[in-house]
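Reading through the structure tokens given below for one structure.
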Amino acid sequence: MSSLAQRSHVRDRTHGRGAVMAALDIGSSKITCMIARRADATNGEPRVAGAGTQATKGVRSGAVVDLEGLERSIRLAVEQAERAADLRITEVVLGVSGPDLRSDIVRAKLPMGGREVTSSHMRDVRVAALESFQPQGREVLHSAPLGFIVDGTAGIKDPRGMFAENLTASFLVVSAPTAGLRNIVQCVSRSHLEVSAILAAPYAAGLACLVEDEAEQGAMVIDFGAGVTSAAAFWEGGLLHVETLPMGGSKATSDLAQGLGTTFAAAERMKIQHGAVGLAESGALDMIEAPRLGPDGRLEAHQCSRADVAQILRPRIEEILELMDGRLSRASASGRPLPRRIVLTGGSSQLGCLKELAEDVFRAPVRLAKPANVKGLGETYSSPAFAAAAGLLRWDLMGGPDPLRTSTDRAASDHGGSLARQVFGWVQKNF
């Protein structure tokens with residue numbers, strides 16, 4: 001891989017932003033890097049110039065278990081993307097999916113004394129709200145406004161220009177464990193890359209997959225990954241809630257390997273090629289190759305029906321969906337009513353008959369989605385498995401850190417410095 005000295009990072013002198021955008025999505029089964037030129041974007045949609053993906057080494061259920069293995073996987077994915085784009089990058093927007101992402105609502109009240117609400121007052125109330133969020137061992141990834149209250153009148157999106165005695169603001173804060181984030185950022189920095197921002201993967205997936213009506217009227221994006229299943233609720237164009245479950249499609253793969261007496265790798269191939277969670281589809285009784293471990297520990301030729309595979313996979317997939325439904329129901333009952341429309345994406349969402357199973361579990365309409373708001377993905381990367389990586393690019397293009405906020409609100413988001421800058425500085429000082 002190119003060293004930091006060999007890389008070139010072109011800056012847009014007019015706007016002070018990089019002319020090249022790069023996204024790095026770190027999942028439990030794969031790492032994906034996507035690169036795009038800012039100038040190639042059209043109608044708010046980035047166009048991918050090059051992408052690379054590698055199997056993840058050193059991550060289990062979203063947590064780092066091997067620093068050197070993860071660093072190697074990152075380097076390979078970035079190298080592949082750089083060669084495909086014929087570009088060099090020095091910074092990335094990082095997507096993380098777990099294992100303990102969390103969202104909380106923070107509030108603050110600002111006495112106005114009958115004055116007119118200005119952008120400065122909105123910054124002040126935002127800073128006060130974020131300062132009230134100080135959980136031990138956690139760091140803020142990003143935040144978004146939920147609404148403002150002016151003298152008891154709720155539901156106000158932009159109170160500037162209004163006169164008020166008191167201004168109250170509510171913000172959604174997405175956070176993650178500090179130690180886990182530092183481990184991930186350390187691996188990225190060892191690959192000669194700086195992390196410009198860190199996003200929750202389900203939020204990024206929503207930016208890539210949702211149509212405008214879904215984001216406005218309300219939808220729950222469920223990113224069904226290999227090691228982590230995560231969800232992000234959208235409403236009125238903004239983020240409403242984030243939930244994570246440290247279980248994913250790899251659990252079902254493990255069940256398949258145990259049930260058929262084969263290796264994990266062979267079970268994964270069977271799941272990708274023939275996996276389903278229902279028996280209604282035609283060809284359920286077709287026989288497929290299902291090699292098994294013989295007496296000498298080597299794989300031997302064997303066959304089973306597609307129905308056999310479905311019968312093993314379905315209980316685990318159903319369990320994961322039911323656990324997620326339970327968590328979302330509890331969050332909704334705690335005072336945060338969440339949308340019921342489900343948009344399902346992620347690598348494990350591609351199992352046959354999953355839509356029908358999900359509709360039964362969630363008792364709501366379900367749409368299977370792939371990234372639609374990013375151009376140039378090609379046949380390989382237009383899969384639901386790459387929704388989060390594509391969404392990271394769109395987030396960067398839309399202007400982060402909270403692209404759905406007004407520009408005056410963004411200025412306040414630098415209060416205390418971004419997590420990415422803090423953690424990257426910590427890594428540079430200590431390693």
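None of the figures in this text is laboratory data; all of them are computed from the coordinates on show. Predicted model, so just to flag it, every value in this text is computed and none were measured. Neighbour counts run over all protein chains shown; Cβ positions are idealised from the backbone, glycine included.
Starting from the amide H of residue 276, placed 1.01 Å from N in the peptide plane, find each other amide H under 5 Å away whose residue is 5 or more places distant or on another chain.
It is 310, 352, by chain and number.
Given charges of +1 on the Cβ of Lys and Arg and -1 on the Cβ of Asp and Glu, with all other atoms neutral, how large is the dipole of the chain about its Cα centre, in debye to the nearest 20? It would help to have the intermediate numbers written out before the result.
Values: 48 positive and 48 negative charges, 188 e Å.
Approximately 900 debye in magnitude.
Output the 0 to 90 degree angle, nearest 10, between the alpha-carbon long axis of helix 67-85 and the longest principal axis computed from the alpha carbons of the chain.
With rounding to tens, the tilt is 80 degrees.
Which whole-number percentage describes the relative contact order of segment 27-166, with Cα contacts under 8 Å and a sequence gap of 6 or more?
Numbers: 190 pairs, mean separation 26.7, N = 140.
Dividing the mean separation by the residue count of segment 27-166 yields 19 percent.
Under 25 Å from the Cα of residue 355, which lysines turn up, not counting those fewer than eight places away in the same chain?
Excluding near neighbours in sequence, the set is 30, 251, 271, 370.
Of all the stretches in the chain, which is the longest one without any exposed loop site, taking trypsin sites (Lys or Arg not before Pro) in a DSSP loop (any state but H, G, I, E, B) with at most 11 other Cβ atoms within 10 Å? Show your work: numbers first, answer last.
Values: sites that count: 13, 298, 363.
Answer from the scan: 14-297.
May I ask for the distance between the Cα centers of segment 241-281 and segment 332-378, given as a whole number of Å?
Cα centres, segment 241-281 to segment 332-378: 18 Å.
Which residue, 366, 337, 258, has the largest displacement toward the positive end of the dipole of segment 211-368 when charges sit on each Cβ (Lys, Arg +1; Asp, Glu -1)?
Of 366, 337, 258, it is 258.
List the lysines whose Cα lies under 25 Å from the Cα of residue 157, skipping any in the same chain that are fewer than 8 positions away.
Cross-link targets: 109.
Find the relative contact order for segment 121-231 and round it to a whole percent, using C-alpha pairs within less than 8 Å whose residues are 6+ positions apart.
Working: 114 pairs, mean separation 24.8, N = 111.
This gives 22 percent for segment 121-231.
Quick check: residue separation of residue 289 and residue 157 times 0.36 nm, minus the Cα distance between them. What number comes out in nm? Mind dumping the intermediate values first?
Numbers: separation 132, 0.36 × 132 = 47.52 nm, distance 5.73 nm.
Length gained between residue 289 and residue 157: 41.8 nm.
Taking only Cα atoms, what is the 0 to 90° angle, nearest 10, from helix 419-430's long axis to the longest principal axis of the chain?
That helix lies at roughly 70 degrees to the long axis.
Just to confirm my numbers, what's the Cα centroid distance between segment 55-71 and segment 174-191 in Å?
12
Between residue 165 and residue 258, what is the spin-label point distance in nm, taking each point 7 Å from the Cα along the Cα→C-beta axis?
Result for the modelled spin labels: 6.3 nm.
R0 = 35 Å: FRET efficiency of residue 133 with residue 42, Cβ-based, nearest 0.05? It would help to have the intermediate numbers written out before the result.
Working: r = 38 Å, r/R0 = 1.07.
Using R0 = 35 Å, I get an efficiency of 0.40.
In degrees from 0 to 90, rounded to the nearest 10, what is the angle of the helix 119-131 Cα long axis to the longest principal axis of the chain?
Once rounded, the angle reads 50 degrees.
Just 352, 27, 206 to compare: in a GNM of the chain, with alpha carbon springs under 10 Å, which one fluctuates most?
Looking only at 352, 27, 206, the largest GNM fluctuation is found for 352.
Quick check on the chain: helices-only [θ] at 222 nm, where DSSP H runs of length 4 and up contribute -39,500 (n - 2.57) each and the sum goes over total residues. Nearest 500, please. Don't skip to the end; give the middle numbers.
Details: 13 runs with 154 residues, N = 431.
That calculation yields -11000 deg cm²/dmol at 222 nm.
Let me check against my output: what whole-number percent is the relative contact order of segment 102-175, with C-alpha pairs under 8 Å and at least 6 apart? Can you show the working numbers first?
Details: 147 pairs, mean separation 37.1, N = 74.
The value is 50 percent.
Over the Cα atoms of the chain, how large are the radius of gyration and the largest Cα-Cα distance (Dmax), in Å?
Radius of gyration, then largest Cα-Cα span, for the chain: 22.5, 83 Å.
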